[in-house]
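In what follows, a single structure is set out as structure tokens and then discussed.
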Amino acid sequence: MAASGKLSTFRLPPLPTIREIIKLFRLQAVKQLSQNFLLDLRLTDKIVRKAGNLTDAYVYEVGPGPGGITRSILNANVAELLVVEKDTRFIPGLQMLSDAAPGKLRIVHGDVLTFKLEKAFPESLKRHWEDDPPNVHIIGNLPFSVSTPLIVKWLEHVSCRDGPFVYGRTPMTLTFQKEVAERLAATTGSKQRSRLSIMAQYLCHVEHVFTIPGRAFVPKPELQPEFRGRETLLVDVGVVRFTPLIQPRIEQPFKLVEKVVQNAFQFRRKYCYRGLGMLFPEAQRLESTERLLHLADVEPTLRPRQLSIAHFRSLCDIYRRMCDGDPQLFAYDFREELRQSKHKCRHEEDRGESGDL
Ligand code: SAM
């Protein structure tokens, strides 16, 4: 504590602006890597404020690039900031930041999809799962093509309480294409309700905290392929905060929940029994689907987006019971059955044709 009685606060010394850093180190965005930079430090400060109180925190920033969010995190009085960046061109600029914040910034040249956070921070930070979240935070503005698979991977880690969650219920503040952010936070019945809504919300408290207009990025971000063909080409960015729940709202293995949810949303606009039926081999489809829905007490004519997490919980519990009674069932894949029956048809047609000769 300082003599005045006030807590000492760290501030970075005056530095070149992010725009100047980009010029100085020739950091033109690489389109193929979907690099879009945030140059406005008011916006990067806002992202960091939304992550919560970072005083004395250990923060893991994914994809720091030229370092806009990195600066805001360092100014939030953290104990340590660990950044993982794939593109070597950014390392010298980050090194400049590290020199300006001695002992606070650790730079790793690596890939967030494979980096192991579980040993990166002190053991003493670990909290019991039921306690308040640890003073460990994940923050990042990644390319859309990386942030979606990464959140699915991290959700699986939440369910196993491993990876970044060995410290406890580590909160994450991450950016997504706005439409994906809306899906992650979508409530039962809403148009955006999807597979991602269930997978995220059964494990975490999910908040779409604010939206950043696409024009704030240099260059402006582009639509992910699955959204192409829509009228608007403007892509805004949603900032989403995830806090793992003490008690998951579905208590079944991640892969089982993923399978039920994926099948349920197979035919988004049809009644839910259509997609859920694909969990079962064709020969028993009708009977098993009826049994699943009856025992789970789910109305077959609800649309997938009308299914609540409680509905999914009962569907997963009953499906688990059915899998326990039939060890082949979980491995069943309707696409494989379809492929095999197409192959059989073609084979029979060929035989028929050669018989005509
Ligand atoms: N955070 C910076 C900002 O907000 O201005 C940069 C954002 S840019 C959208 C994404 C950054 O993530 C780039 O610096 C890119 O090189 C980096 N990146 C992309 N894929 C990565 C990966 N798999 N592992 C680590 N960094 C990655």
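Derivation of every value follows stated rules applied to the coordinates shown; laboratory data play no part. Computed from a predicted structure; not experimentally measured. For neighbour counting, all protein chains shown are included, and Cβ atoms are generated from backbone atoms with ideal geometry for every residue, glycine included.
Summed over region 100-110, residues that are surrounded by fewer than 17 Cβ atoms within 10 Å (Cβ to Cβ) and more than 15 Å from the ligand (Cβ to nearest atom) total 3. Among the residues of region 149-169, write down those that are more than 11 Å from HIS128 (Cα to Cα), β-branched (Val, Ile, Thr) and away from the ligand (no atom under 16 Å from the Cβ). Of everything in region 149-169, just one residue is more than 11 Å from HIS128 (Cα to Cα), β-branched (Val, Ile, Thr) and away from the ligand (no atom under 16 Å from the Cβ), namely VAL158. Taking region 78-94 as the range and being within 15 Å of the ligand (Cβ to nearest atom) and closer than 23 Å to PRO171 by Cβ as the test, the residues that pass are LEU81, LEU82, VAL83, VAL84, GLU85. Touching a residue at least 40 places away in the same chain (Cβ under 8 Å), more than 30 Å from GLN262 (Cα to Cα) and either acidic (Asp, Glu) or out of contact with any helix residue (DSSP H, G or I) (no Cβ under 6 Å at 6 or more places or on another chain) (or both): is that true of PHE121 in this structure? For PHE121, the condition - touching a residue at least 40 places away in the same chain (Cβ under 8 Å), more than 30 Å from GLN262 (Cα to Cα) and either acidic (Asp, Glu) or out of contact with any helix residue (DSSP H, G or I) (no Cβ under 6 Å at 6 or more places or on another chain) (or both) - is met. Applying the condition of being touching a residue at least 40 places away in the same chain (Cβ under 8 Å) and either among the small types (Gly, Ala, Ser) or assigned to a loop (DSSP other than H, G, I, E, B) (or both) to region 68-77 and asking which residue is nearest to the ligand (Cβ to nearest atom) yields GLY68. For region 45-67, a residue qualifies if it is more than 7 Å from the ligand (Cβ to nearest atom), at negative phi and more than 19 Å from the chain's Cα centre (by Cα), and the qualifying residues are ASP45, LYS46, ARG49, ASN53, LEU54, THR55, ALA57, TYR58.
Applying the set (1) more than 17 Å from the chain's Cα centre (by Cα); (2) within 16 Å of the ligand (Cβ to nearest atom); (3) touching a residue at least 60 places away in the same chain (Cβ under 8 Å) to PRO133 leaves exactly one unmet item: (2).
No other residue among LEU117, LEU113, LEU125, LEU97 is over 23 Å from the mean Cα position of the chain (by Cα) and within 16 Å of the ligand (Cβ to nearest atom) apart from LEU97.
Of the residues VAL240, VAL158, VAL209, VAL166, the single one that is in a helix (DSSP H, G or I), surrounded by 15 or more Cβ atoms within 10 Å (Cβ to Cβ) and in contact with a strand residue (DSSP E or B) (Cβ under 7 Å, 6 or more places away or on another chain) is VAL158. Selection of first residues in region 78-106 that are within 19 Å of THR55 (Cβ to Cβ) and in a loop (DSSP other than H, G, I, E, B) and of second residues that are β-branched (Val, Ile, Thr) and within 15 Å of the ligand (Cβ to nearest atom), restricted to Cβ pairs under 6 Å at least 6 apart or on distinct chains, gives the following pairs, ordered by first then second residue: VAL78/VAL59. Across region 37-51, what is the number of residues that are among the basic types (Lys, Arg) and closer than 18 Å to GLU20 by Cβ? So the answer is 1.
Among the numbered conditions (1) surrounded by fewer than 21 Cβ atoms within 10 Å (Cβ to Cβ); (2) among the small types (Gly, Ala, Ser); (3) within 16 Å of the ligand (Cβ to nearest atom), the only one that SER308 does not meet is (3). Step by step: first the residues of region 271-309, then only those that are among the basic types (Lys, Arg) and touching a helix residue (DSSP H, G or I) at 6+ places or on another chain (Cβ under 8 Å), then the one that is farthest from ARG320 (Cα to Cα). Which residue is that? So the residue we want is ARG303.
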